[in-house]
Amino acid sequence: MTKAQATSVTHIDDDRFKVTEWRFAAGAETGWHVHGHDYVIVPLTDGTLGLDVPDGAPFAAALTQGIPYSRREGVHHNVTNAGTAPLAFLEIETVADATAHRRRDTLVRFMAAWNARDVDALMACMADDCAFHASVGPEVQGRRFIGRDAVRASYAAMFDTFPEAAWTADNHHVAGDTGLSEWRFIGTDKTGKQVDVQGCDIFRFSGDLIALKDSYRKNRS
Ligand code: NI
């Protein structure tokens, strides 16, 4: 059974801070995520968080209204409201690098556009002068698609090839002009063949937009 999702409202998103209010119905979860910044949580209610972590047993943490706690960048978990009442908290992230923050937002939008099968939204994330290097192809770089028209056609072809496709378990990182998105692709192609592999994209940015998407994925045997 799929759990309900926690909902979020962004209150502040500037060059120094991102402040997000999270609200959870009983049993709702955030989904797996990695924190890209140091952060402070300020509980708006009492409650109990259930925390799943990649290596280690799940555990519970009590929230007390108005009593904050801090964590460092890199925390990786899925957070669930383990209580029977709704709970809420403010997440206050310190945003050290505004450019990296905006570029990371581009990667999050880009991933959402893949899952929405929205080619216009994908291209809105791409720079005017852009390219895509596919994970498969005859060249050292895979198959290369150069320029907006070629990139758009290759993205549309991906949706034609995979009537069902989901990019899950995504994590996004930015360092300088380079971005990295990790993902697990689960899809079914036109012939009914199922694909389920981990992969990643290495990106080059031009401003806040993607100049190059360079894709890699596992070759299952
Ligand atoms: Ni978290």
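Odds and ends about this structure:
- Residue in the range 146-158 that is among the aromatic types (Phe, Trp, Tyr) and closer than 17 Å to VAL119 by Cβ present: yes
- Scanning the range 129-162 for residues that are free of Cβ contacts under 8 Å to residues at least 40 places away in the same chain, among the charged types (D, E, K, R) and either surrounded by fewer than 16 Cβ atoms within 10 Å (Cβ to Cβ) or not assigned by TED's automatic domain parsing to the domain that holds THR191 (or both) yields GLU139, ARG143, ARG148, ASP149, ASP160.
- Identity of the residue in the range 81-119, among the hydroxyl-bearing types (Ser, Thr, Tyr) and over 29 Å from PRO163 (Cα atoms), that ends up farthest from the ligand (Cβ to nearest atom): THR99
- Residue ID - surrounded by the most Cβ atoms within 10 Å (Cβ to Cβ), chosen from residues in the range 106-121 that are in a helix (DSSP H, G or I) and without any contact (Cβ under 8 Å) to a residue 12 or more places away in the chain: ALA112
- Close pairs from the range 23-40: first farther than 15 Å from ALA82 by Cβ and among the aromatic types (Phe, Trp, Tyr), partner away from the ligand (no atom under 13 Å from the Cβ) and in a strand (DSSP E or B), Cβ under 8 Å, at least 6 apart: TRP32/ALA169; TYR39/THR94
- MET126 vs. criteria in contact (Cβ under 8 Å) with a residue 12 or more places away in the chain, crowded, with 18+ Cβ neighbours inside 10 Å, assigned by TED's automatic domain parsing to the domain that holds TRP183 and within 19 Å of VAL197 (Cα to Cα): no
- Qualifying position, being more than 16 Å from the chain's Cα centre (by Cα), under 21 Å from HIS76 (Cβ atoms), assigned by TED's automatic domain parsing to the domain that holds HIS101 and part of a strand (DSSP E or B), among VAL197, VAL174: VAL197
- When ASP55 is tested against (1) of a type in the set (Asp, Glu); (2) closer than 24 Å to PHE205 by Cβ; (3) at pLDDT below 95, only condition (2) is not met.
The values are calculated or read from the model by the stated rules, or taken from the named source; none is laboratory data. Given the structure is predicted, the values throughout are model-derived calculations rather than measurements. We place every Cβ from the backbone using ideal geometry, glycine too, and count neighbours over all the protein chains shown.
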